[in-house]
Amino acid sequence: MKVASLGRCFLEAHHLESLERLHGILVEAEGAVQDSEAVEVVMSSGSPVGAAWLHEHPRVRWALAASAGFDQFDLVAARAAGVVVCHCPDYATQAVAEHTFGLLLALLRHVPTAAWQVRSGGWAPLPLRGGELAGRTLGVIGFGRIGQRVAVLARSFGMQVLAVNRSSSEEQRLRLLRESDVVTLPVPLDESTRGLIGEEAIAAMRPGALLVNTSCGRVVDSEALLKGIRSGKLGGAALDVLEGEPDVSESLLLAEPKVLITPHVGGYTQESVARLATACYEAPVSFARGKPLHIVPPLRRSA
């Protein structure tokens with residue numbers, strides 16, 4: 001079995017050697033594939049795979065998103081071509097949940113500003129009075145693996161937790177937005193979550209509420225968020241993802257002092273990368289055995 005690896009390959013040399021020696025699975029990096037028509041598996045950490053790519057690789061029957069999300073794959077094209085798409089949902093749960101609170105604490109306690117002030121020779125704590133998590137209400141939209149872990153950590157900080165799933169009613173979601181001091185969005189990107197937080201959702205949020213997004217930039221309407229920040233409706237936003245990443249130099253959010261942005265590192269820790277490498281090793285073995293792990297669920301569409 002031949003695997004084409006697109007983008008960053010998380011497999012170490014010993015993984016590659018073991019796959020070939022024990023299972024007869026050859027992994028070749030993008031651009032180094034000798035015979036594209038022999039490829040049966042595509043593994044992508046972010047490079048897009050659509051109808052054209054699949055047409056050029058007609059024997060592909062299995063696909064792996066080397067990530068928790070899977071929006072690098074055109075699922076409609078994959079299913080039309082008879083390709084089963086899988087992903088790695090477990091590897092970054094703890095890392096992303098912890099980063100959610102790293103961002104939130106940094107935003108509430110003005111950590112970047114304070115650190116820069118001291119680095120620049122200042123020492124003026126009075127303008128940096130922050131806030132505490134205890135007693136606040138956290139709204140979690142998306143109560144899967146990461147959402148549930150976020151809720152556990154939130155309660156350990158003394159926060160109240162409200163949660164909805166993507167299948168919850170509109171009234172339940174609006175209630176969460178109205179009653180939460182902080183809203184976080186651990187949801188995958190699909191047609192039901194694209195632009196989930198837009199003008200209507202922001203209008204429903206509490207004045208001064210904070211937004212944390214560690215899932216996908218396109219879950220939040222950037223223009224609506226910018227308007228909410230500039231109007232004072234929102235107290236701030238902490239984002240690990242942006243629309244259009246990695247080319248975000250034109251984003252107006254970068255200039256907003258109440259917006260904290262990190263470069264999609266929420267799931268990127270030593271421990272999570274090791275777990276991802278293991279998942280990327282196990283997936284092609286499961287394909288070879290005809291027993292794929294973590295198949296991407298059917299597409300959800302907007303109501």
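The values are calculated or read from the model by the stated rules, or taken from the named source; none is laboratory data. If you're wondering where the values come from, they're calculated on a predicted model, not measured in any experiment. Every residue, glycine as well, gets a Cβ built from its backbone with ideal geometry; the counts of neighbours run over all protein chains shown.
Output the qualifying pairs, or none if there are none: Cβ atoms under 7 angstrom, residues six or more apart or on different chains, first residue in segment 135-157 and farther than 23 Å from Ala68 by Cβ, second residue hydrophobic (A, V, I, L, M, F, W, C) and modelled with pLDDT under 95.
none
Does at least one position in segment 98-107 carry a residue that is surrounded by fewer than 20 Cβ atoms within 10 Å (Cβ to Cβ), under 15 Å from the mean Cα position of the chain (by Cα) and not small (Gly, Ala, Ser)?
yes
Given the conditions (1) modelled with pLDDT under 95; (2) under 15 Å from the mean Cα position of the chain (by Cα), report the number of the one that Ala66 does not fulfil.
Just one mismatch for Ala66, condition (1).
Conditions tested, residue by residue: (1) farther than 23 Å from Glu191 by Cα; (2) assigned to a helix (DSSP H, G or I).
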residue	(1), (2)
Phe10	yes, no
His14	yes, yes
Glu37	yes, yes
Gly46	no, no
Trp53	no, yes
Pro58	yes, no
Ala68	no, no
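Any residue at all in segment 28-45 that is among the hydrophobic types (A, V, I, L, M, F, W, C), touching a helix residue (DSSP H, G or I) at 6+ places or on another chain (Cβ under 7 Å) and farther than 17 Å from Arg289 by Cβ? Outline the logic, then answer.
The initial filter retains those residues of segment 28-45 that are among the hydrophobic types (A, V, I, L, M, F, W, C), namely 29, 32-33, 38-39, 41-43.
Checking which are touching a helix residue (DSSP H, G or I) at 6+ places or on another chain (Cβ under 7 Å) leaves us with 41, 43.
With farther than 17 Å from Arg289 by Cβ added as a condition, the list becomes none.
No, segment 28-45 contains no residue that is among the hydrophobic types (A, V, I, L, M, F, W, C), touching a helix residue (DSSP H, G or I) at 6+ places or on another chain (Cβ under 7 Å) and farther than 17 Å from Arg289 by Cβ.
Yes/no per residue for (1) under 22 Å from Ala92 (Cα atoms); (2) crowded, with 17+ Cβ neighbours inside 10 Å:
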{"site": "Gly235", "(1), (2)": "no, yes"}
{"site": "Glu250", "(1), (2)": "no, no"}
{"site": "Ala255", "(1), (2)": "no, no"}
{"site": "Pro263", "(1), (2)": "yes, no"}
{"site": "Gln270", "(1), (2)": "yes, no"}
{"site": "Ala274", "(1), (2)": "yes, no"}
{"site": "Leu293", "(1), (2)": "yes, no"}
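Just checking, does segment 195-205 include any residue being within 20 Å of Gln160 (Cα to Cα) and either surrounded by 20 or more Cβ atoms within 10 Å (Cβ to Cβ) or at pLDDT 95 or above (or both)?
As a first pass, look at segment 195-205 and keep what is within 20 Å of Gln160 (Cα to Cα): 204-205.
Of the ones still in play, those that are also either surrounded by 20 or more Cβ atoms within 10 Å (Cβ to Cβ) or at pLDDT 95 or above (or both) are 204-205.
Checked against the condition, which is being within 20 Å of Gln160 (Cα to Cα) and either surrounded by 20 or more Cβ atoms within 10 Å (Cβ to Cβ) or at pLDDT 95 or above (or both), segment 195-205 yields at least one hit.
Filter segment 24-73 down to the residues that are of a type in the set (Asp, Glu) and closer than 13 Å to Ser5 by Cα, then identify the one that is surrounded by the fewest Cβ atoms within 10 Å (Cβ to Cβ). So that I can check it myself, show each step before the final result.
First, the residues of segment 24-73 that are of a type in the set (Asp, Glu): 28, 30, 35, 37, 40, 56, 71.
Subsequent filtering for residues that are closer than 13 Å to Ser5 by Cα retains 28, 30, 40.
Working: Glu28: 18, Glu30: 15, Glu40: 17.
The residue in question is Glu30.
Any residue at all in segment 148-160 that is in a strand (DSSP E or B) and either at pLDDT 95 or above or within 23 Å of the chain's Cα centre (by Cα) (or both)?
The first filter runs over segment 148-160 and keeps only residues in a strand (DSSP E or B), leaving 160.
With the extra rule that they be either at pLDDT 95 or above or within 23 Å of the chain's Cα centre (by Cα) (or both), the set shrinks to 160.
The answer is yes; a qualifying residue exists.
What is the one condition in (1) of a type outside the set (S, T, N, Q); (2) under 23 Å from Ala255 (Cα atoms); (3) buried (at least 18 other Cβ atoms within 10 Å of the Cβ) that Gly121 does not satisfy?
Just one mismatch for Gly121, condition (3).
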